[in-house]
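Q: Below is one structure. I have some questions about it.
The values are calculated or read from the model by the stated rules, or taken from the named source; none is laboratory data. These figures come from a predicted structure and were not determined experimentally. Backbone-built Cβ (ideal geometry, glycine too); neighbour counts: all protein chains shown. To get the accessible areas, we keep the full protein, side chains included, count just its heavy atoms, and leave off ligands, DNA and RNA. Shrake-Rupley method; radii C 1.70, N 1.55, O 1.52, S 1.80 Å.
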Amino acid sequence: MKTKTKPRFEDLPKDYAGLCRRLPPRLIHDAVEYNNVVEVTDAMVLRQDELTADQRDYFDLLCSLIEDYDAEHVKWPKLKGREILQHLLEEHGLAAADLSRILGGSRNLGAMILRGDRKLTLAHVRKLSAHFKVSPELFL
């Protein structure tokens, strides 16, 4: 059953038992239960600095339940390294010329990689991983 109103952080109990009475933590079986759990975590996520120890434990448990449900029910698209790189560049407001500078190559290197004319080398992957602070596996 869907919750009546979206929870607000201020209205959430501070203790674990109270949180469990509001929304008992249990395996998520369907989209309605999923949405109910997400609504509670959404109310908590931006206030993580203010969570009590009980609220943090409850939040962590709900996040684990969401991850378990997602792993079983959500089909994540397989992205190529070049697509991920393009997304990272857009997110950081960078262009092909910036990519060339990051990689330390010729002025055209960034554009050639983004068009698919050149492949990323292991050295490129290491530089990109360090620059964007992400796992090198994203680009492989």
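Q: With an 8 Å cut-off on Cα pairs and a minimum separation of 6 or more residues, tell me the relative contact order of the chain in percent.
A: The normalised contact order for the chain reaches 19 percent.
Q: Suppose all protein chains stay in the model; what accessible area per residue would a 1.4 Å probe give for region 1-80, in Å²?
A: 71 Å²
Q: Suppose only helical runs count, i.e. DSSP H with n ≥ 4. What mean residue ellipticity at 222 nm does that imply for the chain under -39500 (n - 2.57) per run, divided by all residues and rounded to the nearest 500 deg cm²/dmol? Each step should come with its number before you reach the end.
A: Details: 7 runs with 80 residues, N = 140.
So the calculated ellipticity at 222 nm is -17500 deg cm²/dmol.
Q: If you don't mind, there's one more thing I want to ask. Out of (i) 0.93; (ii) 1.45; (iii) 1.17, which label holds the value of Rg/Rh (Cα atoms, Kirkwood Rh) that was computed here?
A: It is the value labelled (iii).
Q: Against the longest alpha carbon principal axis of the chain, how many degrees, from 0 to 90 and to the nearest 10, is the axis of helix 81-91 turned?
A: On a 0 to 90 degree scale, this one is about 70.
Q: Pop out the carbon and sulfur fraction of the accessible area of region 98-140 as a percent, whole number, probe 1.4 Å.
A: Reported share for carbon and sulfur atoms: 53 percent.
Q: Which of the pairs LYS78/LYS119; LYS14/LYS75; LYS80/LYS133; LYS78/LYS127; LYS78/LYS133 have their Cα atoms more than 25 Å apart in this structure?
A: Violating the 25 Å limit, Cα to Cα: LYS14/LYS75.
Q: Taking only Cα atoms, what is the 0 to 90° angle, nearest 10, from helix 122-132's long axis to the longest principal axis of the chain?
A: Computed tilt is about 50 degrees.
Q: In degrees, nearest 10, range 0 to 90: what is the angle between the Cα axis of helix 53-73 and the longest Cα principal axis of the chain?
A: 60 degrees
Q: What spacing in nm lies between the two simple spin-label points modelled at ALA31 and ALA53, each 7 Å away from Cα in the Cβ direction?
A: A separation of 4.1 nm, rounded to one decimal place.
Q: Taking the simple approach of a point 7 Å from Cα along Cα-to-Cβ for both ASP60 and THR121, what is their distance in nm?
A: In this crude spin-label approximation the distance works out to 4.4 nm.
Q: Same structure again: With a cut-off of 17 Å, note down the residues of region 38-60 whose backbone N falls inside the zone around a label point 7 Å from the Cα of GLU10 toward its beta carbon.
A: 43-48, 50-51
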